[in-house]
Number of protein chains: 2
Amino acid sequence: MINTSSFKSHLDLAHRYWQEVITFGDTVIDATCGNGYDTLTLSKLALKNDSGKVYAIDIQSCAIAKSKDLLINWLPKELLQKVFFVEGSHETFPNHIQENSVKLIAYNLGYLPGGDKALTTRTASTLNSLAAAQKLLMAGGIISITCYPGHPEGLAEESALLQYTEQLSSHLWNCCHHRWLNRLKSPSLLIIQKQK
Amino acid sequence: MINTSSFKSHLDLAHRYWQEVITFGDTVIDATCGNGYDTLTLSKLALKNDSGKVYAIDIQSCAIAKSKDLLINWLPKELLQKVFFVEGSHETFPNHIQENSVKLIAYNLGYLPGGDKALTTRTASTLNSLAAAQKLLMAGGIISITCYPGHPEGLAEESALLQYTEQLSSHLWNCCHHRWLNRLKSPSLLIIQKQK
């Protein structure tokens, strides 16, 4: 366990879940790699010698560049070869990733500047991505989504995700939402596990 | 970790927290021991040889009797001597338990039959108990509360607890509420940690 006795933030808890679920040799996806910190954490958990695969996706080329820089500096070269960077929307995942083969798919929904139109587009895109992610996930695997309800756009996006998740069959999916009560601007964590 | 890869229920997650926080030699309190299953789990985590203490509290004498029976059957005799049963309300804890000395205090709020008056009394009692529990808790220790929002009385009690918790200082307390989204009758889990 990382940070064994602090339950301060969404990140402590997300890392606990990742560490518990991922074993060396797994295929994992960082659907929103941003600055690459999550990709690095996931790579250390999934990659060993020649086994495991990490896909790092981002629609912004500068995010892909930043993530590459970070991983080049902090990940051994032989593991770096097992990290695949994909510049593009996470609405569709690379075709060759098989259904029921991925142990963990992480989203960090970050901050969205801009108005309603951008939000609607983005929320629809996130929901499409989530539906695609559900197919790729293997039994026992999890989707880990960090939401940002501290600003209106993030709150609306979180609401849409929770509404979607509430409709999932409880026979097929374990869905838990984690909310920090006395930190109003705090991100929340949504965990969706495909049942075994 | 117990049940290493299932995130199905509040119990899986509560046990993860308990197992991570409690070490042999700790003092822990089961504030609502009921049938004793939680007391047994807590005893196995906190008691070893002559170290550790478990307090099992319940207002109903039949609950105390059931819990004693369970522990007599499943706990080694030398550990049983370190479990102290207290028949009475959890509004006040035994006087000799020192402030800042308890690693974990667990509540299972269970089902409340009966009307509004009983509910009001009970919610007030739970909030008083929580305030007392906060004083007893040591830095890094947690209060673990299982709520039952699946029926109206439980939902009202959960709301009062969340409202109380939202007001706690974020400098002193880490407070996370865990809710299972696609199981409407599912209990929820509230974790309150005293910061170090």
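Each row is one residue, and each column tells you yes or no for (1) without any contact (Cβ under 8 Å) to a residue 40 or more places away in the chain; (2) touching a strand residue (DSSP E or B) at 6+ places or on another chain (Cβ under 6 Å); (3) among the aromatic types (F, W, Y); (4) more than 14 Å from chain A (Cβ to nearest Cβ).
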| position | (1), (2), (3), (4) |
| --- | --- |
| B:K8 | yes, yes, no, no |
| B:A14 | no, yes, no, no |
| B:C33 | no, yes, no, yes |
| B:T41 | yes, no, no, yes |
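Give me the residue from the range A:176-185 that is at the interface with chain B (Cβ under 7 Å from one of its Cβ atoms) and of a type in the set (A, V, I, L, M, F, W, C) and, out of that set, farthest from the chain's Cα centre (by Cα).
In the first step, residues of the range A:176-185 are kept if they are at the interface with chain B (Cβ under 7 Å from one of its Cβ atoms); the result is A:176-183.
Remaining after also requiring of a type in the set (A, V, I, L, M, F, W, C): A:176, A:180-181.
Details: A:C176: 15, A:W180: 19, A:L181: 22 Å.
Among those residues, the one meeting the criterion is A:L181.
If the condition is being over 20 Å from B:T32 (Cβ atoms) and either away from chain A (no Cβ under 13 Å) or not aliphatic (A, V, I, L, M) (or both), then the range B:165-175 contributes B:E166, B:Q167, B:S169, B:S170, B:H171, B:W173, B:N174.
Determine, yes or no, whether B:G88 is within 22 Å of B:M138 (Cβ to Cβ), touching a residue at least 12 places away in the same chain (Cβ under 8 Å) and either touching a His at 6+ places or on another chain (Cβ under 9 Å) or away from every other protein chain (no Cβ under 14 Å) (or both). Talk me through it step by step, then tell me what you get.
On the way: within 22 Å of B:M138 (Cβ to Cβ): no; touching a residue at least 12 places away in the same chain (Cβ under 8 Å): yes; either touching a His at 6+ places or on another chain (Cβ under 9 Å) or away from every other protein chain (no Cβ under 14 Å) (or both): yes.
Answer is no for this residue.
Looking at the range B:143-164 only, could you name the residues that are surrounded by 22 or more Cβ atoms within 10 Å (Cβ to Cβ) and at the interface with another protein chain (Cβ under 10 Å from one of its Cβ atoms)? B:L161 - this is the single residue of the range B:143-164 that is surrounded by 22 or more Cβ atoms within 10 Å (Cβ to Cβ) and at the interface with another protein chain (Cβ under 10 Å from one of its Cβ atoms).
Across the range A:53-78, the number of residues qualifying as in contact with a strand residue (DSSP E or B) (Cβ under 7 Å, 6 or more places away or on another chain), closer than 23 Å to A:H96 by Cα and without any contact (Cβ under 8 Å) to a residue 40 or more places away in the chain comes to 9.
A:A46 - would you say it is within 15 Å of the chain's Cα centre (by Cα), within 14 Å of chain B (Cβ to nearest Cβ) and among the aliphatic types (A, V, I, L, M)? Quick ask: steps written out before the conclusion?
Numbers: within 15 Å of the chain's Cα centre (by Cα): yes; within 14 Å of chain B (Cβ to nearest Cβ): no; among the aliphatic types (A, V, I, L, M): yes.
In short, no.
Every test in (1) of a type in the set (G, A, S); (2) more than 30 Å from B:S170 (Cβ to Cβ); (3) in contact with a Ser or Thr (Cβ under 7 Å, 6 or more places away or on another chain) is passed by A:S43 save one, and that test is (3).
Restricting the first member to the range A:172-196 and to residues that are within 26 Å of A:Q134 (Cβ to Cβ), and the second to residues that are of a type in the set (K, R), the beta-carbon pairs closer than 6 Å and six or more apart or on different chains are A:N174/B:K8; A:H177/B:R179; A:S188/A:R179.
Would you confirm whether any residue within the range A:26-46 is in contact with a His (Cβ under 9 Å, 6 or more places away or on another chain) and surrounded by fewer than 18 Cβ atoms within 10 Å (Cβ to Cβ)? No, that holds for no residue.
With a requirement of 3 or more residues that are at pLDDT 95 or above and over 22 Å from A:A14 (Cβ atoms), the strands (runs of 3 or more DSSP E) lying completely within the range B:133-196 that satisfy it span B:137-147. Within the option set A:Q98, A:Q195, being touching a Leu at 6+ places or on another chain (Cβ under 9 Å), at the interface with chain B (Cβ under 10 Å from one of its Cβ atoms), surrounded by fewer than 15 Cβ atoms within 10 Å (Cβ to Cβ) and among the polar types (S, T, N, Q) holds for one residue only, A:Q195.
The values are calculated or read from the model by the stated rules, or taken from the named source; none is laboratory data. Nothing here was measured: the structure is a model prediction, and the numbers come from that model. Neighbour counts are summed over all protein chains in view; Cβ atoms, including those assigned to glycine, are modelled from backbone coordinates with ideal geometry.
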